[in-house]
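Q: Please see the structure below; I have some questions.
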Amino acid sequence: MDAMDKNTICIGYNLLYYDDVIVRFMVGYRNIISPFGYFEHNRTSILLNTKLYNLSQDVIDKTTLSPTITDSIIKMTKCPYLTLDILAYAFEFKEKKSLKQMQINLNWYNVQELPYPFDKYLDIEQMREVSIYNNNDLLSTRACYLHTKELVDLRLIASTKYDVNMMNATKSKMADLCIGYYYRKLTNISWYDYNQLGTTRYTVPIKDIILPFISFKTTYLQEFLEHIKTLDALRDTIDTTIQIGYTFLDYKKGGLHSKDRPVVIQTDEDFLLIDVDGTSYYPSLGERYSFYPEHLDKAVMQTINKMVVGDRIEAKKKKDKMADVLKIVINTGFFGKYGDKFSPLRDDKAKFAITLNGQLLLLNLIENQIGIATVVSANTDGVTFKVPTSYLTKFYEICQKWQDYTKINLEDAVYEKYIRRDVNNYMAIKQGFNAAITQLNISREDGIAHLCNLSGAPDMELYEKLKVKSVEDLKLYIFDKYLKPIGIFRYKQNYAKGYNCIIIAKALVNYYALGIPIETTVYGSNNIYDFLMSQQIGKQYDVVFTKVINQQVHRTKTQHAVRYYVSTNGGTLTKVGEKSSISVLSQTLVTIMNKYIKKNNFKDYNINYKFYIAQIQDTIDVINNVKHKGMRKNSVTNTLFNEFEQ
């Protein structure tokens, strides 16, 4: 406890709303409860433990916990230590992950739940087990911190710049605080008064927010435009399928999305694949057309927008990390917070003015390209077109006219190849990938020379960075630079997204990008983590592992956060409820690997390679529109930490 009185940083996972409350309570009451210290008197210890238990139950229950109790305890303690909560700053609200999920996502060597009920009286051996569990949590929390330290650094920069503690802020909260800083600076409003701002609406007639110059050429789209003007963005459902040429698009309140089927498209001398995106599309619409919350001064918001954009340009020139902070402010603050009912920026009218006009303008771009280019895919802020080379000049002329018409800039990227299973699972290979890989295949030196353009205007800073890399690392650099992998194609583990056997993504990427047979990738891996998958199973189930050993059936209860791989000599994993039992992987043997076990011979893991190859082949067959009778239903490629049951 003495250490907590000094200028220290207390780092933890889910710290703010439990551990921090308990620790601050102990620090604050240390000298009040007993002048001799906490544990020097039995009576004092019992009193403290009773108070801590009651407070703990209140925090867990939350229905009996006063909203102001945390603030009251912090003020009472008067201790200067800083709390840093990984769960608070590393995830947006809807992405929150438990520490066990993070252990899995980071390939932590030991995924371990509390071995006994929290209220069980423990003997000495059981205390030792719990101590091991606690140390594992502590070490994995440290690993989480190191993995997310770049996020901490950004928040430290922002906190210093804006003189506000943002250390435990999500990206959206950072945007809130940064815009609040600028707005207060320009209007002299107090923090208290700023935080009371916000416009609550119960109706948003769409006719009042559609830009007057938006129009269409085709009768169908003209009628659609007139129809949505009769609706209310808050009161009416907007879910319409629109057909433009051969393209079907879903027009909803939040965004525009094409109905995407499985496809593989390879460019050739006759056509190109060109992706065009509106530059910071939604924030740019807000700035161009003053779509700002009604309760805020629009001139001030315009000034703030220009200041932030200008500061970011300067920061990028200086390679200052402040550029990353301001990118968050631009992309999240100038639109993202308008629909947040707890934000001082809230105003549904401003939010829907941006989204609905943004979608209509994209429809205008698509309509204007009819007869020139066909839509491969469309989403909230951009469109991927298939453009005949003979119409390339006309295509870009239309894009330029659209920019003049909308006052929004377009950014374009040319793809060599585009592979898609569905709207959420695709990979785009950017122009230049094959040339870079070809040079690397000639030699490591040729690969580096090509990437750094040593024969033209050389990038010597990049050269210094790449010259120490191995061929394998250079290949990964090329992948990161030229590939856009989404969903099942994501070949790098993402701590915020979940975990599922990464070997599937690696095999798909190698197959479609490099032409490497899937068997080569699967059999060539010597990393057991490539094959691991996981589930977080709800507490309403028992998790039972069943294995036959020497003709005897052995059933063992295991923990609810379970990590495993498909093997040739494993057992079955089952969720057992009150009325039913459900196999985690039907008719498939698995080996549990909550704790990493190193095998001297990789073959001793007894991986069921045929299972993984079948999963990958099924995905390829879907993408390539190959159909088989009795295709396997037991697919794992749809799931990333696929069940988080309450």
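The values are calculated or read from the model by the stated rules, or taken from the named source; none is laboratory data. Since we're looking at a predicted model, the values are computed, not measured. Note: ideal-geometry Cβ built from the backbone for every residue, glycine included; neighbour counts use all protein chains shown. For the accessible areas, the whole protein counts, side chains as well, though only heavy atoms, and no ligand, DNA or RNA atoms are used. Shrake-Rupley method; radii C 1.70, N 1.55, O 1.52, S 1.80 Å.
Q: Output needed for the range 464-550: three equivalent-ellipsoid semi-axes, defined as square roots of 5 times the C-alpha gyration tensor eigenvalues, in descending order, whole Å.
A: Working: eigenvalues 205, 57, 34 Å².
So the equivalent ellipsoid measures 32, 17, 13 Å along its semi-axes.
Q: Which of the chymotrypsin sites (Phe, Trp or Tyr not before Pro) across the range 148-206 are loop residues per DSSP, with 11 or fewer other Cβ within 10 Å? Don't jump to the answer; show the numbers that get you there.
A: Numbers: sites: Tyr162, Tyr181, Tyr182, Tyr183, Trp191, Tyr192, Tyr194, Tyr202; in loops: Tyr202.
For chymotrypsin sites (Phe, Trp or Tyr not before Pro) across the range 148-206 that sit outside H, G, I, E and B with at most 11 neighbouring Cβ atoms in 10 Å, the list reads Tyr202.
Q: Assuming 0.36 nm per residue, please report the length gained on full extension of the stretch Lys407 to Asn49 beyond their Cα-Cα distance. Numbers along the way, then the final one.
A: On the way: separation 358, 0.36 × 358 = 128.88 nm, distance 6.46 nm.
Additional length available on full extension: 122.4 nm.
Q: Continuing with the same structure: Can you pull the accessible area of Lys595 for me, 1.4 Å probe, Å² to the nearest 10?
A: Accessible area of Lys595: about 120 Å².
Q: Report, ordered by chain and residue number, the lysines lying within cross-link reach of Lys229, taken as a straight Cα distance under 22 Å and ignoring same-chain residues fewer than 8 apart.
A: Counting by Cα, and skipping residues close in sequence, Lys229 has these lysines nearby: Lys207, Lys217, Lys252, Lys253, Lys349, Lys351.
Q: May I pose another question? Please identify the chymotrypsin sites (Phe, Trp or Tyr not before Pro) of the range 563-601 that satisfy two criteria: DSSP loop assignment and at most 14 other Cβ atoms within 10 Å. Which are they? Kindly include the intermediate steps, with their values, before the conclusion.
A: Values: sites: Tyr564, Tyr565, Tyr596; in loops: Tyr596.
Answer by residue number: Tyr596.
Q: Could you report the accessible area of Glu125 in Å², rounded to 10, computed with a 1.4 Å probe on the protein chains as they sit in the structure?
A: We get 90 Å² for Glu125.
Q: Whole number please: convex hull volume per residue of the Cα set in the range 526-591, in Å³? Working shown, then result.
A: Values: hull volume 6.1 nm³, N = 66.
Hull volume over Cα atoms, normalised by residue count, gives 92 Å³.
Q: Here's something else I'd like to know. Within the set of other residues whose C-beta is less than 11 Å from the C-beta of Gln112, count the net charge using Lys and Arg as +1 and Asp and Glu as -1.
A: On the way: positive: Lys100, Arg563, Lys595; negative: Glu113, Glu129, Asp137.
Combined, the nearby Lys, Arg, Asp and Glu give 0.
Q: Leu186 accessible area, nearest 10 Å², 1.4 Å probe?
A: Accessible area of Leu186: about 80 Å².
Q: Of the listed pairs Lys317/Lys417; Lys120/Lys539; Lys386/Lys484, which have alpha-carbon separations greater than 23 Å here? Kindly include the intermediate steps, with their values, before the conclusion.
A: Numbers: Lys317/Lys417 32 Å; Lys120/Lys539 18 Å; Lys386/Lys484 17 Å.
Result: Lys317/Lys417 exceed 23 Å.
Q: Tell me the per residue accessible area of the chain using a 1.4 Å probe; a whole number in Å² is fine.
A: Normalised by residue count, the accessible surface of the chain is 52 Å².
Q: For the pairs Lys171/Lys497; Lys547/Lys579; Lys318/Lys492; Lys259/Lys306, note any where the Cα-Cα span goes beyond 25 Å.
A: On the way: Lys171/Lys497 16 Å; Lys547/Lys579 22 Å; Lys318/Lys492 29 Å; Lys259/Lys306 36 Å.
Listed pairs above 25 Å: Lys318/Lys492; Lys259/Lys306.
Q: Continuing with this model, one more query. By Kyte-Doolittle mean hydropathy of at least 0.5 and Cα axial length of at least 15 Å, which whole DSSP H helices of the chain are selected? Numbers along the way, then the final one.
A: Values: long enough: 20-33 (19 Å, 0.94); 42-61 (28 Å, -0.27); 124-147 (34 Å, -0.45); 149-162 (20 Å, -0.01); 171-187 (24 Å, -0.42); 298-317 (29 Å, -0.31); 348-368 (30 Å, 0.40); 392-406 (21 Å, -0.87); 471-482 (16 Å, -0.15); 609-623 (21 Å, 0.37).
Helices passing the filter in the chain: 20-33.
Q: One-quarter of the Cα convex hull surface for the range 104-231, in nm²?
A: On the way: hull surface 67.5 nm².
Convex hull of Cα atoms, orientation-averaged projection: 16.9 nm².
Q: Next question, about the same structure. Dividing the Cα radius of gyration by the Kirkwood radius, what Rg/Rh value follows for the range 186-329? Numbers along the way, then the final one.
A: Values: Rg = 20.4 Å, Rh = 19.5 Å.
Expressed as Rg/Rh, it is 1.05.
Q: Would you mind telling me the share, in percent, of accessible area of the chain contributed by carbon and sulfur at probe 1.4 angstrom?
A: Working: 17360 of 33560 Å².
Reported share for carbon and sulfur atoms: 52 percent.
Q: Let me ask another. For Lys430, Lys306, what's the largest-to-smallest order of accessible area, 1.4 Å probe? Intermediate results must be reported in sequence, preceding the final value.
A: Values: Lys430 70, Lys306 130 Å².
Reading off the accessible areas and sorting them downward yields Lys306, Lys430.
Q: Answer with one residue from Ser284, Tyr477, Met301: the one whose Cα lies farthest towards the positive end of the charge dipole of the chain, charges on Cβ with Lys, Arg +1 and Asp, Glu -1.
A: Going by the Cα projections, it comes out as Tyr477.
Q: Rg/Rh for the range 340-452: what does it come to with C-alpha atoms and Rh from Kirkwood? Present the calculation step by step, with values, prior to reporting the outcome.
A: Numbers: Rg = 19.1 Å, Rh = 17.2 Å.
Here Rg/Rh amounts to 1.11.
Q: State the Kirkwood hydrodynamic radius of the range 432-484 in Å, one decimal place, computed from all pairs of distinct Cα atoms.
A: Details: mean 1/r = 0.0923 Å⁻¹.
So the Kirkwood estimate lands at 10.8 Å.
Q: In whole angstrom, note down how far apart the Cα centers of the range 283-329 and the range 456-513 are.
A: Between the Cα centres of the range 283-329 and the range 456-513 lies a distance of 31 Å.
Q: What are the principal axis extents of the Cα atoms in the chain, in Å, biggest first?
A: 86, 72, 58
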